[in-house]
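Q: First, the structure itself, so that you have it in front of you.
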Amino acid sequence: MDELLLSKVRLAVIAQLLSAEWVTFSELQKSIDVTNGNLGAHLGKLVEAGYVKEEKRFEARRPQSRYRLTKTGRNALLHHVTALQMLVEQHS
Amino acid sequence: MDASEARDHLQWIDGIVRATDRSLHMPPVTLIAWGLFGTMVNALHQATASGMTVPRDEVLHLPMMVVAIGVSVWAASRGRAARQSLVDSNAGIVFSVVFAVLMLVNLAAQNTVIPFQAMALFWCVGFSIALLIVGIQASRPLWIGGLALLAASVTAGHIPGWFDGILALGWALGFVVPGIVLALERPDGRTASI
């Protein structure tokens, strides 16, 4: 089981990015409903692990961070889901 | 983590993945620009067919196309969408491929092996397919627009005297009206998913 994905916030970030090319920080914050600091910390861990790629740019002269899921992140989610399914099957 | 917690996590992931992002963030002004371009081109041909004197195709078509391309580039560059969904990428690919293929055929074969009217019909049918593909995935106004453009394409052949006029109407209903609807729907250009 992937230790990083045991957190519901990080799992929610990965799941949000799964269905998008990229999502901005503010949109993720709105969708997941967490504080900026909390989301920033979780995103930092995902970026550090290589699950998520961060891109910084300027939008209408304002800095904007946007995030996209990497292949590593996608595979990690698949493995995590498989591990969860196996755990459920073992106990049923 | 125990089994009940794992089950809870799985159900939760399933819920998020099921509610996949099917929103479209196409700038309405792009639809309106290309719709007006198609409407004008066909309306001018209808005017010619009706005996009116209008400038030659190359005098008007190229500047109008340049304007439509300019508007599209401008709209894309000022896009403030907070996310780009997979549907957005798909829409971009579908419209670009349809445009490129039809333009290639237009340049290569119109007036040699493809009569002008047949080419006008190809443009309508091609873009009605694009509107339907994108619309069915993500936007009701677009698929209704696609149906309208397809209906115009089918009907036009049966009324030869108004062939170009009906195609012009099809472009207006297929692109301009959905563009206006989307612009009114949400100020940021997002469309509601079906």
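Q: Could you pull out every whole DSSP H run in chain B that spans at least 30 Å of Cα extent along its own axis and averages 1.0 or higher on the Kyte-Doolittle scale?
A: Helices meeting the criterion: B:86-109, B:116-138.
Q: Could you check which residue among B:Pro27, B:Pro115, B:Pro178 shows the biggest mean-square fluctuation in a GNM of chain B with a 10 Å Cα cutoff?
A: It is B:Pro115.
Q: While we're looking at this one, here's another question. In the Gaussian network model of chain A, springs joining C-alpha atoms below 10 Å, which of A:Glu59, A:Glu21, A:Glu48 carries the largest mean-square fluctuation?
A: A:Glu59
Q: Let me know the charge dipole size of region A:3-90 about its Cα centre in debye, to the nearest 20, where only the beta-carbon of Lys, Arg (+1) and Asp, Glu (-1) is charged.
A: 340 debye
Q: Relative contact order of region A:3-90, please, whole-number percent, based on alpha carbon pairs below 8 angstrom and at least 6 residues apart.
A: Computed value for region A:3-90: 31 percent relative contact order.
Q: Could you grab the Rg to Rh ratio for region A:3-90? Cα atoms only, Kirkwood for Rh.
A: 1.01
Q: Taking only DSSP H segments of four or more residues, each worth -39500 (n - 2.57), what value at 222 nm results for the protein assembly as shown once the sum is divided by all its residues, to the nearest 500 deg cm²/dmol?
A: -22500 deg cm²/dmol
Q: Still on this structure, I have one more. Quick one: what Rg and Dmax do you get for chain B from the alpha carbons, in Å?
A: 20.0, 81
Q: Taking one equal scatterer on every alpha-carbon of the protein assembly as shown, how large is log10 of I(q)/I(0) by Debye at q = 0.07, 0.08, 0.10 1/Å?
A: Reported log10 I(q)/I(0), two decimals: -0.37, -0.47, -0.65.
Q: When chain B is modelled as a GNM with alpha-carbon springs shorter than 10 Å, which of B:Gly145, B:Gly161, B:Gly38 fluctuates the most?
A: Highest fluctuation of the listed residues: B:Gly161.
Q: Report the charge-dipole magnitude of the protein assembly as shown in Debye, nearest 20, computed about the Cα centre from +1 at each Lys and Arg Cβ and -1 at each Asp and Glu Cβ.
A: With Lys and Arg at +1 and Asp and Glu at -1, about 540 debye.
Q: Could you name the lysines in cross-link range of A:Lys71, using Cα to Cα under 18 Å and dropping any fewer than eight places away on the same chain?
A: The qualifying lysines are A:Lys45, A:Lys53.
No lab work stands behind these numbers, since they all come straight from the coordinates. Computed from a predicted structure; not experimentally measured. With ideal geometry, Cβ positions are generated from the backbone for all residues, glycine too; neighbour counts draw on all protein chains shown.
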